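> Structure incoming, see below.
Any read-out appearing in this document is the output of simple, stated calculations on the displayed coordinates, not a laboratory observation. What you are looking at is a predicted structure, and each value in this text was computed from that prediction instead of being measured. In this analysis, Cβ positions are derived from the backbone assuming ideal geometry, glycine residues included, and neighbour counts consider all displayed protein chains.
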Amino acid sequence: KAGVTQTPRYLIKTRGQQVTLSCSPISGHRSVSWYQQTPGQGLQFLFEYFSETQRNKGNFPGRFSGRQFSNSRSEMNVSTLELGDSALYLCASNLAGGLGEQFFGPGTRLTVL
Amino acid sequence: AQTVTQSQPEMSVQEAETVTLSCTYDTSESDYYLFWYKQPPSRQMILVIRQEAYKQQNATENRFSVNFQKAAKSFSLKISDSQLGDAAMYFCAYRSRGGSEKLVFGKGTKLTVNP
């Protein structure tokens, strides 16, 4: 079974631009979560989607948004990029519920100049 | 809100020896899940071990075991017979028992394994 895939793997943007990151979960997984990882703040929860509905949202400004499609693929969008948005963005999927393991993708490394 | 604290930013161990990574957490919930994740330099995060709070028995996965002290809100990871491939960042994580899959992570411990 293919693992969680994230595209692109690396991205360089300038301040003020917007960016869209994509995540394809493991086949059959309906839950997708997004995390931001930075050296200073560590791993912080962005949002979680289940069956195309946002089930939970972290403490991030409205510039960060996401969605999930009917095939469970998910995208996150960051508008009006700031230097502080430079981070590794991780996506995780699982079957949802119980002690199910979350499977992480390799991440998208976003650099904002 | 739940918090997870890993007080050891870095640890080192000799190959074949044992090392223990510490984790404490704060929650008002009585039922939850705890996890240890490993993130090697390649960046792909993988699950090492998991524990259900209502289970008193400590989880074990091969060379990895935990010491779960619910009253003390402590969840340490013991790695026995350390191998070079164990070198990575280790994150302790908390998840509520309920609908959300949200993980609350500690800041991580960087483990170095010396040959």
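> Under 5 Å between amide hydrogens, which residues at least 5 positions from B:Glu15 or on another chain qualify, with H placed 1.01 Å from N in the peptide plane?
So B:Glu15 has HN proximity to B:Asn114.
> In the range B:21-64, with Lys and Arg counted as +1 and Asp and Glu as -1 at Cβ, which of these residues, B:Asn62, B:Ser42, B:Thr24, has the Cα nearest the positive end of the dipole, that is, farthest along it?
Farthest towards the positive pole: B:Ser42.
> Ok, one more. For A:Gln17, what residues show an amide H to amide H distance below 5 Å, using hydrogens built from the backbone and excluding near sequence neighbours?
A:Leu81
> Take peptide B:102-114, look around each residue's Cβ out to 10 angstrom, count Cβ atoms belonging to other protein chains, and average those counts.
Across the residues of B:102-114, the mean count of other-chain Cβ atoms within 10 Å is 3.
> Taking the Cα atoms of the range A:34-111, what is the range of coordinates along each of the three principal axes, in descending order and whole Å?
36, 22, 20
> So how long is each side of chain B along the principal axes, counting just the alpha-carbon atoms, biggest first, in Å?
42, 27, 22
> Only Cα pairs under 8 Å and at least 6 apart count here; give the relative contact order of the range A:58-113 as a rounded whole percent.
Once divided by the residue count of the range A:58-113, the mean separation gives 29 percent.
> Given a cut-off of 23 Å, name the pairs among B:Lys38/B:Lys73; B:Lys38/B:Lys78; A:Lys13/B:Lys107 whose C-alpha atoms lie farther apart than that in the structure shown.
A:Lys13/B:Lys107
> When the distances between all Cα atoms of the protein assembly as shown are binned every 5 Å from zero, what whole-number percent does each bin get?
1, 7, 14, 18, 18, 17, 13, 7, 3, 1, 0
> I've got another one for you. Return the loop-located chymotrypsin sites (Phe, Trp or Tyr not before Pro) in the range A:22-88 (DSSP other than H, G, I, E, B) with at most 15 other Cβ atoms within 10 Å of their own Cβ; answer none if there are none.
Loop-located and lightly packed - A:Phe69.
> For peptide A:36-44, what's the mean number of Cβ atoms from other chains within 10 Å of each residue's Cβ?
That average works out to 4.
> Just flag the trypsin sites (Lys or Arg not before Pro) in the range B:26-59 sitting in loop per DSSP whose Cβ has no more than 14 other Cβ atoms within 10 Å.
Here the trypsin sites (Lys or Arg not before Pro) that fit, given the DSSP loop and packing criteria, are B:Lys55.
> Quickly work out the B:Lys70-to-A:Asn56 label distance, labels modelled 7 Å from Cα along the C-beta direction, and quote it in nm with one decimal.
Placing both labels 7 Å along Cα→Cβ, they lie 2.0 nm apart.
> Let me ask something else. In the neighborhood of A:Leu88, defined by Cβ-to-Cβ distances under 13 Å, what is the net charge if each Lys or Arg adds +1 and each Asp or Glu adds -1?
+2
> What's the average, rounded to a whole number, of partner chain beta-carbon atoms within 10 Å of each residue's beta-carbon in B:83-94?
1
> Would you mind pulling out the separation of the Cα centroids of the range A:48-73 and the range B:38-90, in Å?
Here the answer is 29 Å between Cα centres.
> Please give me the summed charge of the neighbours of B:Tyr54: other residues whose Cβ is under 12 Å from its Cβ, Lys and Arg +1, Asp and Glu -1.
Net charge around B:Tyr54: 0.
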